[in-house]
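Beneath this line is the structure, given in structure tokens, with notes to follow.
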Number of protein chains: 4
Amino acid sequence: METASEKKKLKRLKLMDAGYDLFITKGINNTVIDDIVKKAGVAKGTFYLYFKDKYDLVNQITLHKSLFVIREALGELEERRKQEAMDFEKEILFFIDYLVEFFQGHKDMLKLIRKNFSAKLLCGDSISDPDLQKAVDAFTQNFMNKGETLQQAQQTLYIIVAMVGSVCCDAILEEEPYSLSQIKPTLYFLIRKLLC
Amino acid sequence: METASEKKKLKRLKLMDAGYDLFITKGINNTVIDDIVKKAGVAKGTFYLYFKDKYDLVNQITLHKSLFVIREALGELEERRKQEAMDFEKEILFFIDYLVEFFQGHKDMLKLIRKNFSAKLLCGDSISDPDLQKAVDAFTQNFMNKGETLQQAQQTLYIIVAMVGSVCCDAILEEEPYSLSQIKPTLYFLIRKLLC
Amino acid sequence: METASEKKKLKRLKLMDAGYDLFITKGINNTVIDDIVKKAGVAKGTFYLYFKDKYDLVNQITLHKSLFVIREALGELEERRKQEAMDFEKEILFFIDYLVEFFQGHKDMLKLIRKNFSAKLLCGDSISDPDLQKAVDAFTQNFMNKGETLQQAQQTLYIIVAMVGSVCCDAILEEEPYSLSQIKPTLYFLIRKLLC
Amino acid sequence: METASEKKKLKRLKLMDAGYDLFITKGINNTVIDDIVKKAGVAKGTFYLYFKDKYDLVNQITLHKSLFVIREALGELEERRKQEAMDFEKEILFFIDYLVEFFQGHKDMLKLIRKNFSAKLLCGDSISDPDLQKAVDAFTQNFMNKGETLQQAQQTLYIIVAMVGSVCCDAILEEEPYSLSQIKPTLYFLIRKLLC
DNA sequence: CATGAATGAGACTTCATTCAT
DNA sequence: TATGAATGAAGTCTCATTCAT
């Protein structure tokens, strides 16, 4: 029957939602399984039917939320493209800036997923989401048009994303050594240099 | 004969050494205070005479080891300079490469200090070590010679270090998405671009 | 078969019994949670399922035992009333004497509950036990028959009980400044004075 | 030499003062030896040169403060006697009321010494202070004038003090079951009854 | 007498995980 | 599948007391 399967999915989601709320509110280490099942309204044992342990839940939440944000950014980029012609540099910077600004407004979320939101999401041939894959391919193609090999192109994209991620986590979460507004001009200037 | 003050310092060091060994062997979370004091050969209460808690010890170890490594790299650079003339680009790449190769050979140490070995160690005006400060000033001066302001120069240095740190942690600790040998050429190529 | 709810109550009681035995044998401060759970035959965590901490257990035991003793005294009074006619003074003194003699024979118990077995158990309008309430009301009524207001009557009863409690704790537990047999005549003489 | 002996007494006093302040501020259980020696400005080991342990200190402080308060009350009584003729009942009630009001204004002190400020201070033949002994003798004599034996007189005094102590500790420290102002009239009324 | 670093037993509590129902 | 009572190992930290200096 369909209902049973749907109920299961619902419980899974309730646990993920409860976990997400608690993790960003109290931190991962300060959240215990009891908190999660209480908030989700299920019994303690039920948790272990759906997740191996707390860190399994963390990983699944992280993956879920990361994909959500990236898809949002790509969606916005698509919208913008319809309104004005954008060259490659403009597109990359728009995409990056969208992510950066998003996390600036969602620090709690950034704190949670930073450990797992690695640039790897955008790399390799193992990207799970087709839309995402298409977007990455488009970016990569642009690098290749400049004479890079496929691998060089992929690596360049990865390095840029890693750089932005590292610098912006510092800036947003700790405002050290520079706040986001302080570092942005130099950061974007350097990205442009890399895109030449 | 040892003075009382020397004995105290010795105990401190013994605890830090014991902690370091255990942290890199078993991981921070799997190391308990009992392990540390047993290995250091002191009583449990003694630990709390010197450190607030386990994480205080972690932080002090991290700082200690980070400074040690950076000082090593600077020392090697100094040696090299005596042997051959080096321009700015060469010096920066030598310094970076020394750190990268060092951590490649000391993965456990990298795992431990990565969280705290931030690029910040090299930034700002609050650098604690005079030798380190001098070296950073020299690097910064080179960027300023290219027409950047002091702040731009400092930020550029910070961003490069952050980029290298992020990429190399992935490469060394997880070999994902690229191993160190795979990513190095592209990484160094991009650094050179940024130094132009 | 036992129901789950009955099993829970049983565990609670086992913990209270174990705690009571240990507290009167070794004292509260010298009894540790480990002792209690070991004696009760449950796991340590189980203790915290039923009680907030050691002092929560102490309080619950105290209340439980106090009510038990008072109910005993009232029961005996009831029995006695059937055998002979008793005026108010006689009843009060019988009730008091029962408690005093009981505790003389149960010094350990007195030591445990003295801190919490306050005269308050017999006062105010918040008495939890209906039988107890009825008995108190009867006593109070007698004072009111002598022309006191309700509050005066309640306060007089409270003061007598407080006086007896204080003097007898000294006498029974420390035999200082007077032993129970030494002080009793004067104490009861003074009570009679107060009842006039 | 005199100085050495005086220095010792000074240290003793500093420790007692520090202990008293901390005990009434933080409570006995929450005060550790470290707090005391730090506040007194001596080394930890020194504490054990003067006191067996924390509870030894508590007892000595309690005795010291109790005597101080009682002497104050007797002094005030003496003053009052000079101004107006007082009969026995008036004197007893004045003395009691002075103590009660004093503790009402020094709840912290009451909390500390209640456990040890027993009526015993005023009883027996072991009173250490000569002034106190004289005053107690005078009170006792009055009871004997009414036909009581020496022991009855002493016991009556003891019982009254115990009663007042018990009731007023409840009233002042917990305001339960009655506040001081609520219970005072009935309490003093009953004392007068006992003095008849 | 005075010091204070060192001791280490032991206290309390937490919480991931299991398993009988 | 779902439950939640029970588990008990593991963990951190405290603090009275000692003793070499």
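The values are calculated or read from the model by the stated rules, or taken from the named source; none is laboratory data. What you are looking at is a predicted structure, and each value in this text was computed from that prediction instead of being measured. Cβ atoms come from the backbone with ideal geometry, glycine included; neighbour counts cover every protein chain shown. For the accessible areas, the whole protein counts, side chains as well, though only heavy atoms, and no ligand, DNA or RNA atoms are used. Shrake-Rupley method; radii C 1.70, N 1.55, O 1.52, S 1.80 Å.
Each copy carries A:SER128; placing its label point 7 Å along the C-beta direction from Cα gives inter-copy distances of 4.2, 5.3, 7.7 nm, listed from smallest up.
Looking at chain B, which longest stretch skips every one of the trypsin sites (Lys or Arg not before Pro) that is in a DSSP loop with at most 15 other Cβ atoms within 10 Å, leaving the sites themselves out? The partial results should precede the final answer.
Numbers: sites that count: B:LYS52, B:LYS115, B:LYS146.
Counting only loop sites that pass the neighbour cut-off, the longest clear stretch is B:53-114.
If you take all other residues with their beta carbon under 12 Å from the beta carbon of C:ILE160, and give Lys and Arg +1 and Asp and Glu -1, the sum is +2.
Its Cα centre serving as origin, the protein assembly as shown has a Cβ charge dipole (Lys and Arg +1, Asp and Glu -1) of approximately 1100 debye. Charged side chains reduced to their Cβ positions (Lys and Arg at +1, Asp and Glu at -1) give region D:81-196 a dipole of some 80 debye around its Cα centre.
Label-to-label distances for C:ASP53 across copies, nearest first, come out at 1.7, 2.0, 2.9 nm, using points 7 Å from Cα in the beta-carbon direction.
With a cut-off of 8 Å between alpha carbons and a minimum separation of six or more residues, what is the relative contact order of region D:15-120 in percent? Could the numbers behind the result be given before it?
Values: 57 pairs, mean separation 34.7, N = 106.
Computed over region D:15-120, the figure is 33 percent.
I need the calculated FRET efficiency for the pair B:HIS106 and C:ASP21, taking r as the beta carbon distance and R₀ as 41 Å, to the nearest 0.05. Don't jump to the answer; show the numbers that get you there.
Details: r = 58 Å, r/R0 = 1.42.
Once rounded, the FRET efficiency stands at 0.10.
Just the protein heavy atoms count here, and of the accessible area of the protein assembly as shown at 1.4 Å, carbon and sulfur take up 52 percent.
Where Rh denotes the Kirkwood radius from the mean inverse Cα pair distance, what is Rg over Rh for region D:86-195?
Working: Rg = 14.1 Å, Rh = 14.6 Å.
Radius of gyration relative to Kirkwood radius: 0.96.
Sorted from nearest, the other copies put their D:MET86 label points 4.1, 9.3, 9.3 nm away, the label point being 7 Å from Cα in the direction of Cβ.
Averaged per residue, what accessible area in Å² does region B:86-195 show with a 1.4 Å probe, protein chains only? Provide the component values of the computation, followed by the final result.
Working: 4780 Å² over 110 residues.
That works out to 43 Å² per residue.
Approximating the spin labels as points 7 Å out from Cα along Cα→Cβ, the B:CYS196-to-A:LYS38 distance works out to 6.0 nm.
Taken along its three principal axes, the alpha carbon spread of region B:1-96 comes to 54, 38, 19 Å, from the longest extent down to the shortest. Chain A residue nearest by beta-carbon to the axis mapping A to C, with distance in Å: A:GLY45, 4.
Scanning residues 5 or more positions from D:GLU148 or on other chains, none has an amide H under 5 Å from its amide H, with H placed 1.01 Å from N in the peptide plane.
Projected onto their three principal axes, the Cα atoms of the protein assembly as shown cover extents of 121, 90, 48 Å, largest first.
What FRET efficiency, computed as 1/(1 + (r/R0)^6) with R0 = 25 Å and r the Cβ-Cβ distance, is obtained for A:ASN145 and A:ASP97, rounded to the nearest 0.05? According to the calculation, E is roughly 0.65.
Listed by chain and number, the aspartates and glutamates whose C-alpha is less than 17 Å from the C-alpha of B:LYS44, apart from same-chain residues fewer than 8 away, are B:ASP17, B:ASP34, B:ASP35, B:ASP53, B:ASP56. In the calculated pair-distance distribution of region D:49-99, the portion above 12 angstrom amounts to 68 percent of the Cα-Cα pairs. Assuming a viscosity of 0.890 mPa s and a temperature of 25 °C, what translational diffusion coefficient in µm² per second does Stokes-Einstein assign to region A:1-51, Rh being the Kirkwood radius over Cα pairs? Here the translational diffusion coefficient equals 220 µm²/s.
Under unit Cβ charges (Lys, Arg +1; Asp, Glu -1), what dipole magnitude, rounded to 20 debye, does region D:59-98 have relative to its Cα centre? Provide the component values of the computation, followed by the final result.
Details: 6 positive and 9 negative charges, 44 e Å.
Here region D:59-98 has a charge dipole of around 220 debye.
Could you tell me which of the pairs A:LYS26/A:LYS65; B:LYS39/B:LYS111; A:LYS65/A:LYS146; B:LYS52/C:LYS38 are separated by over 24 angstrom between their Cα atoms in the structure shown?
A:LYS65/A:LYS146; B:LYS52/C:LYS38
Quick one: if the Förster radius is 35 Å, what FRET efficiency do C:LYS9 and A:LEU10 give, using the C-beta to C-beta distance and rounding to 0.05? The partial results should precede the final answer.
Values: r = 35 Å, r/R0 = 1.01.
Computed FRET efficiency for C:LYS9 and A:LEU10 comes out at 0.50.
Shown in residue order for region A:175-185 are the 3J(HN,Hα) couplings computed by the Karplus curve 6.51 cos²θ - 1.76 cosθ + 1.60 at θ = phi - 60°: 6, 9, x, 9, 6, 4, 5, 5, 8, 3, x Hz (x for Gly and Pro).
Rounded, prolate or oblate: which fits chain A when a ≥ b ≥ c are the square roots of the eigenvalues of the alpha-carbon gyration tensor, with rounded for a/c under 1.5 and prolate only if a/b beats b/c? It comes out prolate by the Cα gyration axes. Note that region B:69-81 has calculated 3J(HN,Hα) couplings of 5, 4, 5, 4, 4, 5, x, 4, 4, 4, 4, 5, 4 Hz, one per residue in order, obtained from phi through the Karplus relation 6.51 cos²θ - 1.76 cosθ + 1.60 (θ = phi - 60°); glycine and proline are x. Within the straight-line cut-off of under 20 Å between alpha carbons, the aspartates and glutamates reachable from A:LYS82 are A:GLU72, A:GLU91, A:ASP97, A:ASP131, A:ASP137, sequence neighbours fewer than 8 places apart in one chain being disregarded. Remark: accessible area buried at the C-D interface is about 2700 Å², both chains counted, probe radius 1.4 Å.
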